[in-house]
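K.L.:
Before we start, here is the structure in question, set down as structure tokens.
The values are calculated or read from the model by the stated rules, or taken from the named source; none is laboratory data. Owing to the predicted nature of the structure, the values given are computational and were not obtained by experimental measurement. Cβ sites come from the backbone with ideal geometry, for glycine too, and all protein chains shown count toward neighbours. Ligands, DNA and RNA are excluded from the accessible area calculation, which covers all protein heavy atoms including side chains. Shrake-Rupley method; radii C 1.70, N 1.55, O 1.52, S 1.80 Å.
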Amino acid sequence: MQRVRLRYTKRGRLRFTSHRDFQRAFERALRRASVPMAYSAGFTPHPKVSYANAAPTGTGSEAEYLEIALTERRDPAGLRAQLDTCMPTGLDIIDAVEVRTSDFTDRLEASEWELRLVGVTPQEAEQAVAVFLAAESVEVERQTKKGLRTFDARAAVTSLTSAEGAPHAGGDRLEEEPCAILRLVVRHLTPAVRPDDVLSGLRATADLAPPVPAAVTRLAQGPLDAENGTVTDPLAPDRDVPLVATAPGGSA
């Protein structure tokens with residue numbers, strides 16, 4: 001009857017939520033909100049929910065996407081608000097559009113990330129970024145399900161910049177630690193290059209090693225604007241295409 005695409009976040013401590021944990025929380029929200037879900041066939045029917053390119057566990061995100069199928073029509077804005085009230089704070093449903101186009105996952109061409117490096121000065125970060133971008137290739141290793149894999153982290157990076165972040169109180173210490181912020185746009189290639197792979201590349205090329213793990217947040221994912229290197233809204237085509245009313249019997 002109707003399909004709706006939703007954008008949701010993983011904020012604060014909820015960034016440590018695994019994809020499976022989110023699925024359970026979202027399916028509970030569907031039941032609490034009495035959403036008229038379509039279900040799969042078979043002996044163990046499941047609500048028809050499709051997830052797209054979820055962020056790794058431990059990273060925050062402002063741009064996660066999923067699609068649901070309904071048996072009755074609902075206003076997307078009202079559905080979004082209803083579901084959001086049933087989700088834990090930090091797993092927030094922030095946008096919804098009715099599906100009017102196909103091949104949504106093909107639009108997720110790139111992601112924009114923010115990496116907060118506590119204990120790294122902006123000057124150190126700037127020098128490391130320059131060395132990384134000047135390299136023709138930066139090979140890194142990652143343990144995968146198929147074993148240790150080596151790939152080029154530099155090839156996926158379309159832009160990488162550094163800036164000064166707000167000083168961070170150093171735990172029990174009274175002094176304030178420096179903080180650098182990296183902004184990174186990465187194309188979605190195979191194998192996928194993650195922010196931690198780029199950090200491994202910065203360590204290999206410029207000996208940049210933050211004293212504490214980086215706080216990583218995905219700011220956006222969607223089509224890559226080749227002209228200016230930015231990531232655009234993947235839901236825009238669904239907003240732009242007018243809804244065609246269908247008469248009984250299937251004719252428009």
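K.L.:
Which ones in the range 190-221 are outside any helix (DSSP H, G or I), in contact with a strand residue (DSSP E or B) (Cβ under 6 Å, 6 or more places away or on another chain), of a type outside the set (S, T, N, Q) and buried (at least 17 other Cβ atoms within 10 Å of the Cβ)?
P.N.:
Within the range 190-221, 193, 210, 214, 215, 216, 218, 220 meet the criteria.
K.L.:
Which residues, counting only those in the range 130-148, are surrounded by 15 or more Cβ atoms within 10 Å (Cβ to Cβ), of a type in the set (A, V, I, L, M) and within 23 Å of residue 191 (Cβ to Cβ)?
P.N.:
Passing the criteria: 135, 138, 140.
Results for (1) over 26 Å from the mean Cα position of the chain (by Cα); (2) open to solvent by 20 Å² or more (accessible area, probe 1.4 Å); (3) not charged (D, E, K, R), shown as yes or no for each residue.
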{"position": "30", "(1), (2), (3)": "no, no, yes"}
{"position": "43", "(1), (2), (3)": "yes, yes, yes"}
{"position": "49", "(1), (2), (3)": "no, yes, yes"}
{"position": "56", "(1), (2), (3)": "no, yes, yes"}
{"position": "61", "(1), (2), (3)": "no, no, yes"}
{"position": "66", "(1), (2), (3)": "no, no, yes"}
{"position": "72", "(1), (2), (3)": "yes, yes, no"}
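K.L.:
Taking residue 160, is it in a strand (DSSP E or B), at pLDDT 95 or above and not polar (S, T, N, Q)?
P.N.:
Here the answer is yes, as residue 160 does meet what is asked.
K.L.:
Yes or no: residue 108 crowded, with 16+ Cβ neighbours inside 10 Å, in contact with an Asp or Glu (Cβ under 9 Å, 6 or more places away or on another chain) and over 15 Å from residue 59 (Cβ atoms)?
P.N.:
Details: crowded, with 16+ Cβ neighbours inside 10 Å: yes; in contact with an Asp or Glu (Cβ under 9 Å, 6 or more places away or on another chain): no; over 15 Å from residue 59 (Cβ atoms): yes.
No; evaluated as a whole, the condition is false for this residue.
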